[in-house]
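Chemist: What follows is a structure written as structure tokens; I'll ask about it next.
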């Protein structure tokens with residue numbers, strides 16, 4: 001199987017100013033196509049570090065994907081360094097020049113300068129990959145049976161090159177290995193409890209199949225991976241094991257594929273032909289954001305009222321002022337009224353509402369930081385839940401959102417059951 | 001200066017199922033304290049890969065931080081591997097056992113099993129770091145003048161150990177280097193234009209000071225870093241250069257420190273004692289989410305109406321049905337009315353509103369995907385802007401949010417100017 005290493009270049013990665021999302025994206029794409037990323041290395045904008053990383057990764061992999069350091073400014077040293085590393089000299093690539101000029105003159109509408117022209121220079125020992133989404137061209141080098149591919153660090157530029165150039169090249173040059181993944185998603189049960197439930201199953205797995213536990217916000221994803229199976233039909237083999245796993249985890253399974261909670265709920269809403277809305281207090285729009293990040297979400301999602309104030313809860317959601325005063329905003333009665341209020345305001349079949357204290361401040365003895373009430377339902381009935389989280393603000397927001405969406409899923413399934 | 005390498009362990013990092021946020025967090029903390037992360041390596045849950053990575057990173061750094069692979073399940077192989085690597089044998093740590101038992105019996109309220117007990121085992125050749133936030137203890141090993149520190153991959157557990165144990169240890173054992181950073185944030189101007197504007201400044205920088213360009217959603221952060229300056233007062237030296245840079249970039253500067261747009265706007269609102277609300281269509285709650293992610297945001301942020309439907313725009317925001325029918329939801333007239341509508345509904349001083357088509361579907365000849373109208377203002381006046389993005393849905397949502405917040409900042413500053 002062809003091993004791939006990823007080298008990401010940039011001081012910003014080493015001082016933590018930027019989170020590296022490129023590597024995960026590249027790894028996901030490559031893996032789905034049967035290529036195996038075995039190492040990822042991040043180094044700074046330092047000549048010595050980059051040089052050493054190129055040397056070292058060539059010992060580990062047949063293909064080395066390099067991102068970053070191709071910008072037009074002095075801190076971007078990757079291109080001249082690669083030119084030297086592969087003993088080339090800089091030349092202007094005419095097609096890249098045309099592209100850069102076009103972008104400046106027609107898209108950015110900014111003057112085309114000498115500095116921009118430099119973006120079109122490449123070492124004469126590389127194969128150029130044209131950048132359809134930006135100014136810096138990509139470069140492919142070969143040395144000692146190893147392919148080095150340099151791409152910009154800007155995510156959507158890198159992504160274009162991976163899809164248009166890198167993947168076709170790799171498929172042409174290497175035999176992708178046979179990889180099969182199947183992922184089961186569970187909710188509301190811990191890793192170690194799962195491990196005890198499936199102990200025999202796990203011990204009986206053949207050597208070419210691995211099981212991974214990936215916990216994330218109350219969900220645990222169980223991933224079966226088969227690599228170079230000796231079986232005739234590896235997809236069938238893993239499918240069979242997957243079904244066994246699903247049987248064992250039955251009550252806790254929320255999805256048969258790796259997808260986030262919002263996508264699971266979206267699919268259910270579409271299947272049941274239900275529209276939904278949200279009334280968010282403490283999550284401040286995060287539930288709405290998760291849902292509306294899904295393409296096509298307008299088919300089931302109608303909107304949200306985010307009410308940080310008592311007044312808005314009364315005016316826009318029709319929450320009873322006396323109830324607010326008596327029970328407080330973080331209470332069962334208020335989240336119930338928030339559901340009925342937003343169902344009416346947005347004219348939807350169902351809704352979910354949350355109200356809580358996310359921290360770091362705002363807690364009381366009675367309702368400490370991390371206390372959350374949530375309700376899911378329709379105009380006639382709701383189910384409610386009180387949870388208590390004990391983490392940072394951002395983690396509390398994320399956990400509240402996932403649990404609220406799970407509660408809505410529960411309501412829809414129970415309601416369907418009751419009707420049937 | 002003490003070099004630090006980070007090794008993250010987990011197949012999920014190499015197949016792209018998980019984005020590594022731990023490394024950035026660790027790097028940020030270490031850097032702020034004068035320690036320099038020089039490499040970050042991710043490897044899979046494979047004995048050979050982990051072993052090799054430990055060997056290799058020991059050549060690069062004096063401290064090696066390892067995260068991941070400490071869970072209770074069979075795919076977590078880090079602990080037995082470290083035990084073997086450092087020639088130890090497994091023993092139960094009594095304090096860790098007490099902690100795990102307490103968590104299961106009192107916090108998780110789940111039965112305490114043999115498997116959980118294993119979590120309290122550690123190699124007898126390490127110093128144990130107790131985990132105050134989870135079950136897996138951390139471990140410190142020493143070999144050939146190199147310190148190896150193993151921590152869980154769960155972010156808030158790792159963070160607790162970094163703060164409570166790792167940082168104090170490093171400060172005790174090593175002389176942190178002198179690092180100074182200053183970051184200037186600009187908006188609405190490209191990297192290469194900036195580079196031309198500050199060419200002389202950049203060329204005149206002393207060798208121990210580096211300038212980095214960090215573009216991100218229309219913002220470019222310019223970071224000056226001084227490492228082991230020969231000057232008596234490095235903070236003063238970099239401050240002086242920072243002021244020069246700010247002078248040069250004047251009109252484009254939006255912040256004198258590295259902070260996201262929402263924090264810049266939040267600070268301005270607090271300073272001017274203004275309350276705000278949002279009316280979001282195409283961003284679907286993302287602007288609200290950015291603002292409410294800030295601790296204490298309830299001091300200035302009152303709420304949002306997220307209206308994916310025409311009806312909600314009319315009912316909750318008072319947008320004129322005739323205008324909607326004639327101009328369409330993505331229009332100047334509608335975003336103006338959304339501002340006045342939400343200012344009234346949420347009773348705030350100012351508001352920002354957006355309406356657009358984020359894709360991948362929903363575009364027309366007249367209004368292609370990526371078209372966005374936005375308005376910022378108060379009940380009496382608004383400023384508006386039409387933008388056109390050409391990226392993916394998620395990038396379009398992020399760019400719209402940042403630009404809308406920038407527009408609100410502009411309105412507030414202009415309005416203040418007009419009043420003065």
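Chemist: Against the definition (at pLDDT below 95 and assigned by TED's automatic domain parsing to the domain that holds residue A:80), how does residue A:104 come out, yes or no?
Modeler: Working: at pLDDT below 95: yes; assigned by TED's automatic domain parsing to the domain that holds residue A:80: yes.
For residue A:104, the condition - at pLDDT below 95 and assigned by TED's automatic domain parsing to the domain that holds residue A:80 - is met.
Chemist: Checking the condition touching a residue at least 24 places away in the same chain (Cβ under 8 Å), surrounded by fewer than 18 Cβ atoms within 10 Å (Cβ to Cβ) and out of contact with any strand residue (DSSP E or B) (no Cβ under 8 Å at 6 or more places or on another chain), which residue from A:247, A:257, A:262, A:272 passes? Lay out the reasoning, then the answer.
Modeler: Values: A:247 fails: touching a residue at least 24 places away in the same chain (Cβ under 8 Å); A:257 fails: out of contact with any strand residue (DSSP E or B) (no Cβ under 8 Å at 6 or more places or on another chain); A:262 fails: surrounded by fewer than 18 Cβ atoms within 10 Å (Cβ to Cβ).
None of the others qualify; the one that does is A:272.
Chemist: Quick check on the stretch B:212-222: of everything there that is within 11 Å of another protein chain (Cβ to nearest Cβ) and modelled with pLDDT of 90 or more, which residue is nearest to residue A:155 (Cα to Cα)?
Modeler: Among those residues, the one meeting the criterion is B:220.
Chemist: Same structure again: Considering only residues of the stretch B:358-376 that are crowded, with 24+ Cβ neighbours inside 10 Å and in contact with a strand residue (DSSP E or B) (Cβ under 6 Å, 6 or more places away or on another chain), which is nearest to residue B:282 (Cα to Cα)? Give the steps one after another, and end with the answer.
Modeler: Step one: filter the stretch B:358-376 for residues crowded, with 24+ Cβ neighbours inside 10 Å, giving B:358, B:372-376.
With in contact with a strand residue (DSSP E or B) (Cβ under 6 Å, 6 or more places away or on another chain) added as a condition, the list becomes B:372-376.
Numbers: B:372: 8, B:373: 10, B:374: 10, B:375: 13, B:376: 15 Å.
Of everything passing the filter in the stretch B:358-376, B:372 is nearest to residue B:282 (Cα to Cα).
Chemist: Name the residue, out of B:149, B:194, B:209, that is touching a residue at least 40 places away in the same chain (Cβ under 8 Å), farther than 30 Å from residue B:72 by Cβ and either away from chain A (no Cβ under 13 Å) or touching a helix residue (DSSP H, G or I) at 6+ places or on another chain (Cβ under 8 Å) (or both).
Modeler: It is B:194.
Chemist: I'm told residue A:230 meets every condition in (1) in a helix (DSSP H, G or I); (2) surrounded by fewer than 16 Cβ atoms within 10 Å (Cβ to Cβ) except one. Can you identify the failing condition by its number?
Modeler: Residue A:230 satisfies every listed condition except (1).
Chemist: Oh, and also: Which of the helices (runs of 4 or more DSSP H) found entirely inside the stretch A:256-362 contain at least 1 residues meeting this: facing chain B (nearest Cβ under 9 Å) and under 20 Å from residue B:346 (Cβ atoms)? Lay out the reasoning, then the answer.
Modeler: On the way: elements: A:261-272, A:286-292, A:310-317, A:321-327, A:332-346.
Passing ranges, in order: A:286-292, A:310-317, A:332-346.
Chemist: Output the number of the condition that residue A:136 fails; it satisfies all remaining conditions of (1) in contact with a strand residue (DSSP E or B) (Cβ under 7 Å, 6 or more places away or on another chain); (2) outside any strand (DSSP E or B); (3) closer than 30 Å to residue A:86 by Cα.
Modeler: Checking residue A:136 against (1) in contact with a strand residue (DSSP E or B) (Cβ under 7 Å, 6 or more places away or on another chain); (2) outside any strand (DSSP E or B); (3) closer than 30 Å to residue A:86 by Cα, the one that fails is (1).
Chemist: Which count do you get for residues in the stretch B:139-153 that are buried (at least 21 other Cβ atoms within 10 Å of the Cβ) and not in a strand (DSSP E or B)?
Modeler: 2
Chemist: Given B:351, B:376, B:344, B:333, which one is assigned by TED's automatic domain parsing to the domain that holds residue B:277 and in contact (Cβ under 8 Å) with a residue 60 or more places away in the chain? Working first, answer last.
Modeler: On the way: B:376 fails: in contact (Cβ under 8 Å) with a residue 60 or more places away in the chain; B:344 fails: in contact (Cβ under 8 Å) with a residue 60 or more places away in the chain; B:333 fails: in contact (Cβ under 8 Å) with a residue 60 or more places away in the chain.
Result of the check over B:351, B:376, B:344, B:333: B:351.
Chemist: In the stretch B:1-110, which strands (runs of 3 or more DSSP E) lie fully inside it and hold 3 or more residues that are within 11 Å of chain A (Cβ to nearest Cβ) and buried (at least 16 other Cβ atoms within 10 Å of the Cβ)? Even if it seems obvious, please write down each step before you answer.
Modeler: Numbers: elements: B:3-9, B:36-43, B:63-67, B:90-92.
Where strands (runs of 3 or more DSSP E) fall fully within the stretch B:1-110 and carry at least 3 residues being within 11 Å of chain A (Cβ to nearest Cβ) and buried (at least 16 other Cβ atoms within 10 Å of the Cβ), they are B:3-9, B:36-43.
Chemist: Further, regarding this structure: Only one of A:180, A:157 is modelled with pLDDT under 95, touching a helix residue (DSSP H, G or I) at 6+ places or on another chain (Cβ under 9 Å) and within 13 Å of chain B (Cβ to nearest Cβ); which?
Modeler: Values: A:157 fails: touching a helix residue (DSSP H, G or I) at 6+ places or on another chain (Cβ under 9 Å).
Just a single option satisfies the conditions, and that option is A:180.
Chemist: A further question on this structure: Provide a single number: the residues in the stretch A:375-420 that are closer than 14 Å to residue A:187 by Cβ and assigned to a strand (DSSP E or B).
Modeler: Number of matching residues: 2.
Chemist: Look through the stretch B:113-135, keep the residues that are surrounded by 15 or more Cβ atoms within 10 Å (Cβ to Cβ) and farther than 22 Å from residue B:149 by Cβ, and return whichever of them is farthest from the other protein chains (Cβ to nearest Cβ).
Modeler: Top of the filtered list is B:117.
The values are calculated or read from the model by the stated rules, or taken from the named source; none is laboratory data. Just so you know, these numbers come straight off a predicted model, no measurement behind them. A quick note on method: Cβ atoms are made from the backbone with ideal geometry, for glycine too, and the neighbour counts reach across all protein chains shown.
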